[in-house]
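K.L.:
Have a look at the structure that comes next, please.
Bear in mind these aren't lab numbers, they're just calculated from the coordinates by the rules spelled out. Keep in mind it's a predicted model, so treat the numbers as computed, not measured. A quick note on method: Cβ atoms are made from the backbone with ideal geometry, for glycine too, and the neighbour counts reach across all protein chains shown.
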Amino acid sequence: MSKERLMRGVVCAALTLAASFGLWGRAARTSAQGPSQGDKPVEQTRKNIQVLKGLPESQLFAEMNFISASLGVQCGFCHVSQGKDAQGRTNWVWESDDKEEKKTARDMMRMVLSVNGGNFGLSRGEVTCYTCHRGQTHPQGMPALPLAASAHEPPPPGATPTPGADAHAEGAARAAQPTVQQVFDKYVAAVGAPAARDKFQTVVIKGTATASQGRTQNFEVTLKGNDKGLLSVEGPQGGAMRRAVSGTTGWMSGPRGARAFSPSELADARRGLDYFNVVKFAPAPTMRVAGRRKVGDRDAIVVVDRPSENVQRRYFFDAETGLLLRVVTLTDAILNQIPEQVDFEDYRDVDGVKLPFVVRVSAIDTFNSHTHTLTDVKHGVPVEDKLFDLPPAPPAPAATPKQ
């Protein structure tokens, strides 16, 4: 592990753990710099921005990580650095155009924007860097020979089907799909009977979160009803980082004190509460059933939602059991959609209710990806509403008497 990455891990461990939960993502990302002052476009916060004008500052590094993953490279492939600073961190000269690879990357960005914005019937994010590169700096432009079969003849027995081949091309009838309401009804029945779910009006969950570079931390989540939640994460130097939601308000606290959430942070917090609630999904008029996909070796029914203009969400339900297996959130950016994936695994029975004891959060930046393992779940415990109230500001220090 490099010294730079180690220091980054020590300083940001508690913040990025909170971000990985999805419950308080934006709050965690902005807390290191104090209260959010608005998400300015990158041309106002960075130098020499030529193509990505209009991209919100909060999406810049996610966009760069998407490109990095698409080409299988790291920052130094396009960007210039000049040694280390006194703390051992890389001195990046992000605005430098000294590398030809950066100039090529700009041309590629313009091409992607042109294709997605042209007269091809495509929308933003349908063609991306990954469409062609697939983890390589030089994309493959030819099918690999020998082929199992070409277009005019069927594949030999036992051959692997061609990716993207339509199983219904020969006129086979497509199976009828359930409605969103039917998917929901099967899901809540799989989670537990109403009498069992009613016992979980208050829940206290404890567990550990593991991440890259050997990071492991303990966390505790307290829930009351459907609109109150508190997350406590142990800090790297002791103490705790806390994030809370209560009705229409929310807050965060840490070594620098406490502050209220912004509206966007509160919206993220509300969505994230579903990761810990017994029931993590509810039907909405904006939803539709989009067919079936594989999640590992399981057949899954996919429900697609567009809760806002710039966000698409996909829910994957086990076709056999009805349980929720995965949630994928795609946030529109200038070049592509920025993905986040949450997988729910190891469902266990807790007093008549099925709960996932492993929750994997996968971000486009592996530093913000974590695996959460539940170690203890208690329900029906007394929880006072004041637990979710914003802590009072500490008293001002007493004035020193004049001599």
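K.L.:
Taking θ as phi - 60°, what are the ³J(HN,Hα) couplings along region 42-56 by the Karplus curve (6.51, -1.76, 1.60), each to the nearest whole Hz, with x for Gly and Pro?
P.N.:
5, 5, 8, 10, 10, 9, 6, 7, 10, 10, 8, 5, x, 5, x
K.L.:
Report, ordered by chain and residue number, the lysines lying within cross-link reach of LYS186, taken as a straight Cα distance under 17 Å and ignoring same-chain residues fewer than 8 apart.
P.N.:
Cα-Cα hits under 17 Å: LYS280, LYS354.
K.L.:
Next question, about the same structure. Once fully extended, how much extra length lies between THR45 and ALA149, figured as 0.36 nm per residue of separation less the alpha-carbon to alpha-carbon distance?
P.N.:
Going from the current span to full extension adds 32.1 nm.
K.L.:
Which aspartates and glutamates, on any chain, are close to LYS386 with Cα under 15 Å apart, when same-chain ones fewer than 8 places away are left out?
P.N.:
Here the aspartates and glutamates satisfying the reach criterion relative to LYS386 are ASP227.
K.L.:
Return the sequence-ordered ³J(HN,Hα) values of region 336-353 in whole Hz as given by the Karplus equation 6.51 cos²θ - 1.76 cosθ + 1.60 applied to θ = phi - 60°, using x for Gly and Pro.
P.N.:
Going residue by residue, I get 7, 9, 8, x, 9, 10, 10, 10, 10, 9, 6, 5, 10, 8, 10, 6, x, 10 Hz, with x marking Gly and Pro.
K.L.:
Given +1 on the Cβ of Lys and Arg, -1 on the Cβ of Asp and Glu, and no further charges, what dipole in debye does region 180-388 carry about its Cα centre, rounded to the nearest 20?
P.N.:
Result for region 180-388 is approximately 180 debye, rounded to the nearest 20.
K.L.:
How much length is gained on full extension from THR131 to ALA267, taking 0.36 nm per residue of separation minus their Cα-Cα distance?
P.N.:
Full-extension gain reported as 45.8 nm.
K.L.:
To continue, here is another question. Give a residue-ordered list of calculated ³J(HN,Hα) values for region 295-311 (Karplus: 6.51 cos²θ - 1.76 cosθ + 1.60, θ = phi - 60°; whole Hz; x for Gly, Pro).
P.N.:
Once θ is set to phi - 60°, the couplings for region 295-311 become 10, x, 9, 9, 6, 10, 8, 9, 10, 10, 10, 10, x, 8, 4, 9, 10 Hz.
K.L.:
For LYS53, which lysines qualify as cross-link partners when the Cα separation must be under 21 Å and same-chain residues fewer than eight apart are set aside?
P.N.:
Filter leaves LYS40, LYS99, LYS102, LYS103.
K.L.:
Also, I was wondering about something else. Direction-averaged shadow area of the convex hull around the Cα atoms of region 64-129, nm²?
P.N.:
Mean projected area for region 64-129: 5.2 nm², to one decimal.
K.L.:
Tell me which residues come under 5 Å, amide H to amide H, from LYS84 once H is placed; ignore anything under 5 positions away on its chain.
P.N.:
For LYS84, whose amide H was placed from the backbone, the distant partners under 5 Å are ASN91.
K.L.:
Something else: Can you tell me how much longer the chain between ASP351 and ALA195 gets when fully stretched, taken as 0.36 nm per residue apart minus their C-alpha distance, in nm with one decimal?
P.N.:
55.1 nm
K.L.:
Using +1 at the Cβ of each Lys and Arg and -1 at the Cβ of each Asp and Glu in region 180-388, identify which of ALA267, TYR187, THR216 lies farthest towards the dipole's positive end.
P.N.:
Of the options given, the answer is ALA267.
K.L.:
Going 7 Å from the Cα of LYS103 along its beta-carbon direction, which residues of region 43-67 have the amide nitrogen within less than 17 Å of the resulting point?
P.N.:
In region 43-67, the label zone of LYS103 (backbone N under 17 Å from the point 7 Å along Cα→Cβ) covers 48-51.
K.L.:
Please list, in chain and number order, the residues 5+ apart from GLY207 or on another chain whose amide H is under 5 Å from its amide H, with Hs placed from the backbone.
P.N.:
Answer set, sorted by chain and number: PHE219, THR375.
K.L.:
Could you calculate the FRET efficiency of LEU387 with SER114 from 1/(1 + (r/R0)^6), where r is the beta carbon distance between them and R0 is 60 Å, rounded to 0.05?
P.N.:
Rounded to the nearest 0.05, the efficiency is 0.70.
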